[in-house]
Every structure is written in C-alpha cells, then in structure tokens.
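**Q** Following this message is one structure expressed as structure tokens.
The values are calculated or read from the model by the stated rules, or taken from the named source; none is laboratory data. No experiment lies behind these values; they were computed from the predicted model shown. Note that each Cβ is placed from the backbone with ideal geometry, even for glycine, and that neighbours are counted across all protein chains shown.
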Amino acid sequence: MAKGYDRDRERKDRVSFFGKDLARRSKSKCEMCEAAGERLEVYEIPPIKEEPEIEKCIFICTSCKSVLDNIDKATENDVRFFNNTIWSEVDMVKAVSIAALRKLEGKHSWASDILDGAYIDEDMEGKVEEIEL
C-alpha cells in the first residue's frame, strides 16, 4: 500500500507544479467561467495518463470542476459558459468545451446551435475525440 500511495503522491506533486504556468496562462482566472478571486486548481482532462502533461491540463474553479466531473447532471445555467469557452485560444479549453457540448446536445437545444457555429479543424477534432467526460 505504501508504494501505491507514494506513487500517487509523487504524481500529484508533479501535476501541482503545473499550477504556476497555468496561473500565468489563465491570468489567475478560471479558464472555463473566467471567475477571478476563486480558488483554482489544476484539472487533468480525462483520460488521465500515467505521466502528467501540462497540455492536457486546464486551470479551473471548484464549481467548474464539479460541472465537468458531473456533466450529465449539470443544469442549463451550470453550463452556459461553454458559449464563450468554445472560442478559447487555449486548445484544451476549446476541446473540453466541444466534448461537453456534444454530450449536452440531446439535453439542451442551444448546445447544437453553438457547435454548428464553431470551426473545428482536424487537429481539434483529434483532441476532442481523446477526451472522456
């Protein structure tokens, strides 16, 4: 048990080192809802690989983490920020937004409208297909 705990702790420490770079990139705002002054954390985009990659991480608030972790249970008001994040210049924020909106298409008609207006190239499509929300 100690070896597994130590490996997990070491991995979490490596992920936490990304925080400084992600805070700089996000200007210390949530990369999803743009909330400032909130506690932000590094969120690894699923599926989570053994070796953490900063390119597969975003910096988000607790509320947005809860939404992403439970996207199927999110209310319409919980996910309205995807209207803006789908235009993000940060590839992983955009990819997560597209993946989430695709999951929400059957639940909210406006999700389809947003996706219809978005430009999704082959590179972005590949990133979206890797995401497991």
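**Q** In this structure, is SER109 farther than 21 Å from SER26 by Cβ and either in contact with a Phe, Trp or Tyr (Cβ under 9 Å, 6 or more places away or on another chain) or at pLDDT below 95 (or both)? Spell out how you get there, then give the answer.
**A** Working: farther than 21 Å from SER26 by Cβ: yes; either in contact with a Phe, Trp or Tyr (Cβ under 9 Å, 6 or more places away or on another chain) or at pLDDT below 95 (or both): yes.
So SER109 fits the description; yes.
**Q** Sticking with this one: Take GLU132 and decide whether it is under 15 Å from the mean Cα position of the chain (by Cα) and of a type in the set (Asp, Glu).
**A** On the way: under 15 Å from the mean Cα position of the chain (by Cα): yes; of a type in the set (Asp, Glu): yes.
Taking the combined requirement at face value, the residue satisfies it.
**Q** Same structure, new question: Can you tell me which condition ALA95 does not meet? The list is (1) surrounded by 14 or more Cβ atoms within 10 Å (Cβ to Cβ); (2) in contact with a Leu (Cβ under 9 Å, 6 or more places away or on another chain); (3) not charged (D, E, K, R), and all the others hold.
**A** With (1) surrounded by 14 or more Cβ atoms within 10 Å (Cβ to Cβ); (2) in contact with a Leu (Cβ under 9 Å, 6 or more places away or on another chain); (3) not charged (D, E, K, R) applied to ALA95, the lone miss is (2).
**Q** Let me ask you something else. So which residues in segment 25-47 are surrounded by fewer than 14 Cβ atoms within 10 Å (Cβ to Cβ) and under 22 Å from LYS127 (Cβ atoms), if there are any at all? Give the derivation first.
**A** Quick first cut of segment 25-47, residues surrounded by fewer than 14 Cβ atoms within 10 Å (Cβ to Cβ) only: 27-28, 36-37, 39, 47.
Selection gives PRO47 alone.
**Q** Further question on the same structure: Can you confirm whether segment 93-111 contains a residue that is acidic (Asp, Glu), out of contact with any His (no Cβ under 8 Å at 6 or more places or on another chain) and closer than 23 Å to GLU132 by Cβ? If you could, list the steps in order and put the result at the bottom.
**A** The initial filter retains those residues of segment 93-111 that are acidic (Asp, Glu), namely 105.
From what is left, the residues that are out of contact with any His (no Cβ under 8 Å at 6 or more places or on another chain) are 105.
After this cut, where a residue has to be closer than 23 Å to GLU132 by Cβ as well, the list is 105.
Yes, there is a match, as at least one residue in segment 93-111 is acidic (Asp, Glu), out of contact with any His (no Cβ under 8 Å at 6 or more places or on another chain) and closer than 23 Å to GLU132 by Cβ.
**Q** Taking segment 74-133 only, how many residues are farther than 22 Å from GLU44 by Cβ and among the hydroxyl-bearing types (Ser, Thr, Tyr)?
**A** Within segment 74-133, residues that are farther than 22 Å from GLU44 by Cβ and among the hydroxyl-bearing types (Ser, Thr, Tyr) number 4.
**Q** Please state which of the following conditions LEU22 fails to meet, knowing it meets all the rest: (1) in contact (Cβ under 8 Å) with a residue 24 or more places away in the chain; (2) buried (at least 18 other Cβ atoms within 10 Å of the Cβ); (3) touching a Lys or Arg at 6+ places or on another chain (Cβ under 9 Å).
**A** Condition (3) is where LEU22 drops out.
**Q** Does LYS127 satisfy the criteria of being in contact with a helix residue (DSSP H, G or I) (Cβ under 9 Å, 6 or more places away or on another chain), without any contact (Cβ under 8 Å) to a residue 40 or more places away in the chain and crowded, with 19+ Cβ neighbours inside 10 Å? Don't jump to the end; show me each part of the working.
**A** Working: in contact with a helix residue (DSSP H, G or I) (Cβ under 9 Å, 6 or more places away or on another chain): yes; without any contact (Cβ under 8 Å) to a residue 40 or more places away in the chain: yes; crowded, with 19+ Cβ neighbours inside 10 Å: yes.
Judged against the criteria, LYS127 is a match.
**Q** Filtering segment 65-83 down to residues that are among the acidic types (Asp, Glu) and out of contact with any His (no Cβ under 7 Å at 6 or more places or on another chain), which residue is surrounded by the fewest Cβ atoms within 10 Å (Cβ to Cβ)? Quick ask: steps written out before the conclusion?
**A** Kept after step one, since they are among the acidic types (Asp, Glu), are these residues of segment 65-83: 69, 72, 76, 78.
From the residues that got through so far, the ones that are out of contact with any His (no Cβ under 7 Å at 6 or more places or on another chain) too are 69, 72, 78.
On the way: ASP69: 12, ASP72: 8, ASP78: 16.
The selected residue is ASP72.
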